[in-house]
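The values are calculated or read from the model by the stated rules, or taken from the named source; none is laboratory data. Being a predicted model, the structure only gives us computed values, none of them experimental. Every residue, glycine among them, receives a Cβ derived from its backbone with ideal geometry; neighbour counts consider all protein chains shown.
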């Protein structure tokens, strides 16, 4: 159960904005696009040189962003629970005992009503799945092997699943 | 000619130009959607890839200022820039004034794709490190209640209501589906989907403004592209479609386009011009017929066919509806359809089954009826059944623009027609059309539309076979030809009309002109000694009419799909006399074709020989004619 003093937006900017930067700004629009382009090149629809060690770029990019994803998922409840509303007007006017009661009730309702725990669990699983596949990519010899093994398709699909799972989390603080 | 669909993409990430040149994100997007980047900015010029089988050409616009942003600069949304980008590919037909050449007019956007979330604010070291030139973003940027993409959509749709717009976003569709529908978007494409090319292709097929890549329907003007889109939409279902437009606007051509686009493999090939053979050879049946050929006596067997009878020796005949099974039956000029035929067709449309003449078994009808008319069928003077009209347009009405409404297409049409005219006459010199000639063509009213243009171009080319330029002086319009023309059509008068060819209109015009011809001028040299010429041309015209009647009344069977000549029904049809006897029919053929028997070919030659065999004696009327002829 988060307390008022813990809802300090520890990520520096608001959670939805941070999540959007990761999910749309990077995962869908950059990383997935890059994988998708490589798949089209491998299908022979696009003519472009793919350096043989290009797959290692994806691996290092993923590793640099993976922690952000983990922190977003882990901090979601703290940042987006309706409990944060009790630290700002008008709910600050409540008697402290009433506030605590209502805060706990609002939080419990929010968890159930939006299936928060299931959604968070789903996002965690997708993050682990995608991470494992990317690490597997890091172990293949070259880009040709990565394409031939179908690993790029699997990673692309896993990233889509992860992005969808993150999109399922509420983007505004709701009672 | 490049007929690849041209799309405009309004997106902050993919539209930005980077100081370093290459926009890797845009390059990847183009690869994912198989789009050829033709923006022309530094990013597109430095692209390292080639799309081998592109779905579309894409022009990118950031819709933000500045286009190239460095660290420390502030990025703001720019609605004006976006609208200007849209205007640059939206040639309004009204801008093309008569008499002015449509030079330098850009092709229409086939579609505009708009992103939802546009990040604004200061470009910081951190945001620049993440993605070059991108700002850190403001809290309202990613709020679905205030997406700049929706504001763009609203503004563009208000100014360009005909322009097809799609959302191209990585955001969840369900979050904004109501908003984008309200603002006028036609759909949503998930930017990160792996089947991007298929999604884009489908969106273009259903909603895009696409030219006909086969070149059969010539033109890229907005009114024509809108009509083609309606036709593609009509091709998606099997409901009957009515095509309306002035004479000479290409109604049968449009019907054929619908038929072609109905093929299962048509979607891909409707966009790409790289497999023309597959487009022109459709697998399903196509039957075209002029509604005027159905007389009250003939239509039943023509439409429904005849049941063969082994006992009585009656040969079977496949009706037009059966011939079109699984495909399309095209009725041209339905305003000429007799009331009896309308009633019979109404029953077919209601019951969806037919019975052959002399048959008992009902056969299911699996045919789509495509109809065309230039008449105001709703006008009570036409006596066209309103209930039939409703059924014939159950799948929609496609209105074809007149040539006056699509003057943007004049250069393309003229180019094609000039080449056709040159090909028509071997040895002729290839030529260019001068700007003055084009101006003259653009200044004309074109009541006869593309058919009239074709006549004017063919006239200009065939009269001047040995020149390299088609100049303004070569262009003669119908009104000025009235007193000069001795022949209505170029080429042999005995050419058999092709199936479905519109003959009613030119014939009516010709008869009207013939009635109005006055030869009582003072200059005797103009008409002296011309009687044999008049007689010869009259005979040729009559022969051509008989050829059309023979073609229309051929008995078609599965064994002989080209048909068997029947001079008796043909004579009945041509004369309009249902009581004409077989002997009189043979006499008619002998009398009309006799004066030119040495020139006869094909069906007419065969019909003449049959009539000679049937009636070896010279008819009285011919004897009288001989006596009177010096």
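Would you point out the residue of the range B:45-57, among those that are more than 11 Å from residue A:47 (Cα to Cα) and in a strand (DSSP E or B), that is nearest to the other protein chains (Cβ to nearest Cβ)?
Of everything passing the filter in the range B:45-57, B:56 is nearest to the other protein chains (Cβ to nearest Cβ).
Name the residues in the range B:182-197 that are within 14 Å of another protein chain (Cβ to nearest Cβ) and not in a strand (DSSP E or B), would you?
B:191, B:192, B:193, B:194, B:195, B:196, B:197
Filter the range B:198-242 down to the residues that are within 14 Å of chain A (Cβ to nearest Cβ) and buried (at least 19 other Cβ atoms within 10 Å of the Cβ) and list them by number.
Of the residues in the range B:198-242, the ones within 14 Å of chain A (Cβ to nearest Cβ) are B:198-201.
If the condition is that a residue be within 14 Å of chain A (Cβ to nearest Cβ) and buried (at least 19 other Cβ atoms within 10 Å of the Cβ), then B:199, B:200, B:201 are the ones that fit.
When the range B:58-68 is examined, which residues are found to be surrounded by 19 or more Cβ atoms within 10 Å (Cβ to Cβ) and either within 10 Å of another protein chain (Cβ to nearest Cβ) or modelled with pLDDT of 90 or more (or both)? Don't jump to the end; show me each part of the working.
The first filter runs over the range B:58-68 and keeps only residues surrounded by 19 or more Cβ atoms within 10 Å (Cβ to Cβ), leaving B:58-64, B:67.
Passing the criteria: B:58, B:59, B:60, B:61, B:62, B:63, B:64.
Filtering the range B:3-33 down to residues that are in a strand (DSSP E or B) and within 34 Å of the chain's Cα centre (by Cα), which residue is nearest to the other protein chains (Cβ to nearest Cβ)?
Filtering the range B:3-33 for residues in a strand (DSSP E or B) gives B:6-10, B:18, B:21.
So of that shortlist, the ones also within 34 Å of the chain's Cα centre (by Cα) come out as B:6-10.
Numbers: B:6: 19, B:7: 17, B:8: 19, B:9: 13, B:10: 15 Å.
Of everything passing the filter in the range B:3-33, B:9 is nearest to the other protein chains (Cβ to nearest Cβ).
Residues that are more than 23 Å from residue B:565 (Cα to Cα) and in a strand (DSSP E or B): does the range B:321-329 have at least one?
Residues of the range B:321-329 more than 23 Å from residue B:565 (Cα to Cα): B:325-328.
Right, trim to in a strand (DSSP E or B) and you get B:328.
There is at least one residue in the range B:321-329 that is more than 23 Å from residue B:565 (Cα to Cα) and in a strand (DSSP E or B).
Name the single residue that is modelled with the highest pLDDT among those in the range A:1-20 being more than 7 Å from chain B (Cβ to nearest Cβ) and outside any loop (DSSP other than H, G, I, E, B).
The residue in question is A:19.
So that you can scan it fast, the table gives a plain yes or no per residue for (1) within 14 Å of chain B (Cβ to nearest Cβ); (2) part of a helix (DSSP H, G or I):
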| site | (1), (2) |
| --- | --- |
| A:118 | no, yes |
| A:134 | no, yes |
| A:156 | yes, yes |
| A:161 | yes, yes |
| A:172 | yes, no |
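Going by the structure shown, is residue B:127 in a helix (DSSP H, G or I) and crowded, with 22+ Cβ neighbours inside 10 Å?
Values: in a helix (DSSP H, G or I): yes; crowded, with 22+ Cβ neighbours inside 10 Å: yes.
Yes: the conditions hold for residue B:127.
Do the conditions hold for residue B:465, that is, is it over 30 Å from residue B:331 (Cα atoms), surrounded by 12 or more Cβ atoms within 10 Å (Cβ to Cβ) and modelled with pLDDT of 65 or more?
Details: over 30 Å from residue B:331 (Cα atoms): yes; surrounded by 12 or more Cβ atoms within 10 Å (Cβ to Cβ): yes; modelled with pLDDT of 65 or more: yes.
The answer is yes for residue B:465.
Look through B:136, B:179 and report the one residue that is more than 10 Å from chain A (Cβ to nearest Cβ), in contact with a helix residue (DSSP H, G or I) (Cβ under 8 Å, 6 or more places away or on another chain) and surrounded by fewer than 23 Cβ atoms within 10 Å (Cβ to Cβ). Quick ask: steps written out before the conclusion?
On the way: B:136 fails: more than 10 Å from chain A (Cβ to nearest Cβ).
Being more than 10 Å from chain A (Cβ to nearest Cβ), in contact with a helix residue (DSSP H, G or I) (Cβ under 8 Å, 6 or more places away or on another chain) and surrounded by fewer than 23 Cβ atoms within 10 Å (Cβ to Cβ) holds for just one of B:136, B:179, which is B:179.
From (1) away from chain B (no Cβ under 14 Å); (2) without any contact (Cβ under 8 Å) to a residue 12 or more places away in the chain, pick out the condition that doesn't hold for residue A:122.
If we test residue A:122 against (1) away from chain B (no Cβ under 14 Å); (2) without any contact (Cβ under 8 Å) to a residue 12 or more places away in the chain, just (2) comes out false.
Does the range A:68-87 contain any residue that is part of a loop (DSSP other than H, G, I, E, B) and out of contact with any helix residue (DSSP H, G or I) (no Cβ under 9 Å at 6 or more places or on another chain)? First the steps, then the outcome.
Within the range A:68-87, the subset part of a loop (DSSP other than H, G, I, E, B) is A:81.
From the residues that got through so far, the ones that are out of contact with any helix residue (DSSP H, G or I) (no Cβ under 9 Å at 6 or more places or on another chain) too are none.
Checked the range A:68-87: no residue is part of a loop (DSSP other than H, G, I, E, B) and out of contact with any helix residue (DSSP H, G or I) (no Cβ under 9 Å at 6 or more places or on another chain).
What are the residue pairs meeting all of these: first residue in the range B:58-71, first residue closer than 15 Å to residue B:132 by Cα, second residue in a loop (DSSP other than H, G, I, E, B) and modelled with pLDDT under 95, Cβ atoms under 6 Å, and 6 or more apart or on different chains?
B:62/B:16; B:67/B:17; B:68/B:17; B:68/B:19; B:69/B:123; B:69/B:133; B:71/B:123
May I ask you to say which residue of B:210, B:200, B:224 is part of a helix (DSSP H, G or I) and either farther than 21 Å from residue B:15 by Cα or out of contact with any strand residue (DSSP E or B) (no Cβ under 7 Å at 6 or more places or on another chain) (or both)? Working first, answer last.
Working: B:210 fails: part of a helix (DSSP H, G or I); B:200 fails: either farther than 21 Å from residue B:15 by Cα or out of contact with any strand residue (DSSP E or B) (no Cβ under 7 Å at 6 or more places or on another chain) (or both).
Only one candidate qualifies: B:224.
What number of residues in the range A:67-86 are without any contact (Cβ under 8 Å) to a residue 12 or more places away in the chain and either farther than 30 Å from residue A:116 by Cβ or within 14 Å of chain B (Cβ to nearest Cβ) (or both)? Steps first, please.
Of the range A:67-86, the ones without any contact (Cβ under 8 Å) to a residue 12 or more places away in the chain are A:67, A:74.
When the remaining residues are screened for being either farther than 30 Å from residue A:116 by Cβ or within 14 Å of chain B (Cβ to nearest Cβ) (or both), the result is none.
Counting residues in the range A:67-86 that are without any contact (Cβ under 8 Å) to a residue 12 or more places away in the chain and either farther than 30 Å from residue A:116 by Cβ or within 14 Å of chain B (Cβ to nearest Cβ) (or both) gives 0.
Need the failing condition index for residue A:44 against (1) surrounded by fewer than 18 Cβ atoms within 10 Å (Cβ to Cβ); (2) at pLDDT 90 or above; (3) not in a loop (DSSP other than H, G, I, E, B), just the number.
(3)
Scan the range B:152-175 residue by residue and report those that are out of contact with any helix residue (DSSP H, G or I) (no Cβ under 7 Å at 6 or more places or on another chain) and assigned to a helix (DSSP H, G or I).
Of everything in the range B:152-175, those that are out of contact with any helix residue (DSSP H, G or I) (no Cβ under 7 Å at 6 or more places or on another chain) and assigned to a helix (DSSP H, G or I) turn out to be B:154, B:157, B:158, B:173, B:174, B:175.
How many of the residues making up the range B:161-175 are crowded, with 19+ Cβ neighbours inside 10 Å and away from chain A (no Cβ under 14 Å)?
Count: 4.
Checking residue B:142 against (1) out of contact with any helix residue (DSSP H, G or I) (no Cβ under 9 Å at 6 or more places or on another chain); (2) within 12 Å of another protein chain (Cβ to nearest Cβ), only one condition comes out false. Which one?
For residue B:142, the failing item is (1).
Quick check, is residue B:104 at pLDDT below 85, in contact with a helix residue (DSSP H, G or I) (Cβ under 9 Å, 6 or more places away or on another chain) and on the phi > 0 side of the Ramachandran plot? Let's see the steps before the verdict.
Details: at pLDDT below 85: yes; in contact with a helix residue (DSSP H, G or I) (Cβ under 9 Å, 6 or more places away or on another chain): no; on the phi > 0 side of the Ramachandran plot: yes.
Criteria not met by residue B:104.
Picking from A:89, A:64, A:52, which residue would you name as being surrounded by fewer than 22 Cβ atoms within 10 Å (Cβ to Cβ), within 19 Å of the chain's Cα centre (by Cα) and either away from every other protein chain (no Cβ under 14 Å) or without any contact (Cβ under 8 Å) to a residue 24 or more places away in the chain (or both)? Before you say what the answer is, go through the steps one by one.
Working: A:89 fails: within 19 Å of the chain's Cα centre (by Cα); A:52 fails: within 19 Å of the chain's Cα centre (by Cα).
None of the other options fit; the residue is A:64.
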